[in-house]
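The values are calculated or read from the model by the stated rules, or taken from the named source; none is laboratory data. Computed from a prediction, not measured in an experiment: that's the story for all the values here. Reconstructed Cβ throughout: ideal geometry from the backbone, glycine too, with neighbour counts over all protein chains shown. When the accessible area is computed, the model is the full protein with side chains, heavy atoms only, and any ligands, DNA or RNA have been set aside. Shrake-Rupley method; radii C 1.70, N 1.55, O 1.52, S 1.80 Å.
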Amino acid sequence: MLKTKNYQFWFCTGSQDLYGDACLAKVAEHSKKIVEVLNACGNLPYEVVWKPTLITNELIRKTFNEANTDENCAGVITWMHTFSPSKSWILGLQEYRKPLLHLHTQFNREIPYDTIDMDFMNENQSAHGDREYGHIFSRLRMERKVLMGYWADEDVQKKIGSWMRTAVGVIESSHVRVMRIADNMRNVAVTEGDKVEAQIQFGWEVDAYPVNEITEAVDAVSKGDIDALVEEYYDKYEILLEGRDEKEFREHVAVQAGIEIGFERFLEEKNYQAIVTHFGDLGGLKQLPGLAIQRLMEKGYGFGAEGDWKTAAMVRIMKIMTQGMKDAKGTSFMEDYTYNLVPGKEGILQAHMLEVCPTIADGKISIKEQPLSMGDREDPARLVFTAKTGPAVAASLIDLGDRFRLIINDVDCKEIEKPMPKLPVAAAFWTPQPNLQTGAEAWILAGGAHHTAFSYDLTSEQVGDWAAYMGIEAVYIDKDTTIRQFKNELLWNSLAYRK
Ligand code: MN
């Protein structure tokens, strides 16, 4: 499900013909070497493709337009080996529509003190050429990432890799289609939003389907398919009967298996990658989709509860950005529930009614059944577990009426102090940075939701860069946040983003 294209990134080196063919041959040799090392280093999630040196207005324009139309190209990495007059780049850049990384590097690490002469100076002048090149982006007010450092350094390579993930999130955003199985929860504001504007800004298609249409797909699942999946659940997860009747428990689990299969078939057939449900609008479904939604999220679908299509799309985007990551710790839909205000142990217990993605689980995962306090269906089966510890990022996309704002918070996930034997849902516990008090105050001042898209595997820089490419406002709540500064930032942003 999560499989996207085998994206590639083009490596374009800039120069000019002022220095003669011998120099241009060296430029090409150097950039080929860099591409070779980048592809072999093991720090990049996607392949880099070397392109012939860009020296003229015509070739630059042609190359960027080819990058636009090449479906496998997710972005271009540019570097000025020598000086490349940046007026030559104007038309090409104006027509370019994908993410761009300006890699500000240099072929040689050290100044060759003993041999350096004017020929060397003319041939190796990134410090000079990259400034001329960078200027034109600022003049054109174009979004781009600037990364400075030595190309052979692991740290720089990892930053290129991290940017590639953001770029794929940008490219894939226009392929995200969200299926709404229910409308927004009545009277709730923060999960609402302008779907037309979302399609203009992010490329998302957000469509509604009657719940009973998807219920038909669930009802059409054969008993054989359901039984096979229930077997898989019973093999994979611990069963927490807790005094319930074994046969009835299994029947309830089978309902979720039918929902998982039926939903997945319906989503696949209609080409949707994210879904929203609502506990108050279940039509012919026997249970609120719990375990079923958790498993779909694990497979890579985006999800939002109570009609929250913005968070569903964000979860999908963040799952795409982390795709194929080694030792990934997980990405999920999440909700702020309740605080621990004990001094020194401050934090927020995170959970949802049922729907937390098992990719974030630490260790054992169990199936539990319990009545829901809301809704009017049978007791739904759900996966329960506790989440991993460590740094993570929580993001909330809100619609302010005249624009979207993405609120990005660095959080520290901690071990839950004590077992919670009576809590029938998966849970995480985190302390927002810089601390619970300032973090929560800033979040509320920014208008952030109780729902978040949450990931251990992305940084706030990656999520913020995604927002920048999308042309929307992003605010960060992190170790440096102070309320006075943050309030000013919100005020200034309200002017900067005024339409
Ligand atoms: Mn909720």
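Some points to look at:
- Residue tally, condition under 18 Å from LEU100 (Cβ atoms) and touching a strand residue (DSSP E or B) at 6+ places or on another chain (Cβ under 8 Å), over region 45-65: 11
- Screening the candidates THR82, THR115, THR78 for the property of being more than 28 Å from ASN6 (Cβ to Cβ) and either in contact with a Gly (Cβ under 7 Å, 6 or more places away or on another chain) or not assigned by TED's automatic domain parsing to the domain that holds GLY42 (or both) yields one hit, THR82.
- Cross-chain or 6+ apart pairs with Cβ under 9 Å, region 131-142 first and among the polar types (S, T, N, Q), then open to solvent by less than 50 Å² (accessible area, probe 1.4 Å) and outside any helix (DSSP H, G or I): none
- Residue ID - surrounded by the most Cβ atoms within 10 Å (Cβ to Cβ), chosen from residues in region 353-367 that are more than 16 Å from the ligand (Cβ to nearest atom) and among the β-branched types (Val, Ile, Thr): ILE360
- LYS329 out of contact with any helix residue (DSSP H, G or I) (no Cβ under 9 Å at 6 or more places or on another chain) and open to solvent by 10 Å² or more (accessible area, probe 1.4 Å): no
- Residue in region 68-75 that is of a type in the set (A, V, I, L, M, F, W, C), surrounded by fewer than 21 Cβ atoms within 10 Å (Cβ to Cβ) and over 23 Å from LEU24 (Cβ atoms) present: yes
- MET297 being assigned to a helix (DSSP H, G or I) and within 16 Å of the ligand (Cβ to nearest atom): yes
- Among the criteria (1) modelled with pLDDT of 95 or more; (2) closer than 25 Å to THR166 by Cα, the one LEU445 does not fulfil is (2).
- Test: residue in region 246-264 that is assigned by TED's automatic domain parsing to the domain that holds MET185 and farther than 20 Å from PRO380 by Cα: no
- For PHE9: the one exception among (1) modelled with pLDDT of 95 or more; (2) at negative phi; (3) outside any strand (DSSP E or B): (3)
- Test: residue in region 97-114 that is farther than 22 Å from PHE137 by Cα, open to solvent by less than 40 Å² (accessible area, probe 1.4 Å) and in contact with a strand residue (DSSP E or B) (Cβ under 7 Å, 6 or more places away or on another chain): no
- Region 332-352, residues that are of a type in the set (S, T, N, Q) and surrounded by fewer than 22 Cβ atoms within 10 Å (Cβ to Cβ): THR338, ASN340
- Exclusive hit being assigned to a loop (DSSP other than H, G, I, E, B), within 16 Å of the ligand (Cβ to nearest atom), open to solvent by 10 Å² or more (accessible area, probe 1.4 Å) and among the small types (Gly, Ala, Ser), set GLY280, GLY307, GLY324, GLY284: GLY280
- Flag if GLN433 is surrounded by 21 or more Cβ atoms within 10 Å (Cβ to Cβ) and not hydroxyl-bearing (Ser, Thr, Tyr): yes
- The requirement of being touching a strand residue (DSSP E or B) at 6+ places or on another chain (Cβ under 7 Å), farther than 30 Å from VAL206 by Cβ and open to solvent by 40 Å² or more (accessible area, probe 1.4 Å) is fulfilled nowhere in region 252-268; no residue meets it.
- So ALA189, is it farther than 23 Å from VAL255 by Cα, in the same structural domain as SER460 (by TED's automatic domain parsing) and without any contact (Cβ under 8 Å) to a residue 24 or more places away in the chain: yes
- Candidates LEU458, LEU423, LEU490, LEU400: the one that is closer than 30 Å to PRO45 by Cβ and either touching a residue at least 60 places away in the same chain (Cβ under 8 Å) or touching a strand residue (DSSP E or B) at 6+ places or on another chain (Cβ under 9 Å) (or both) is LEU458.
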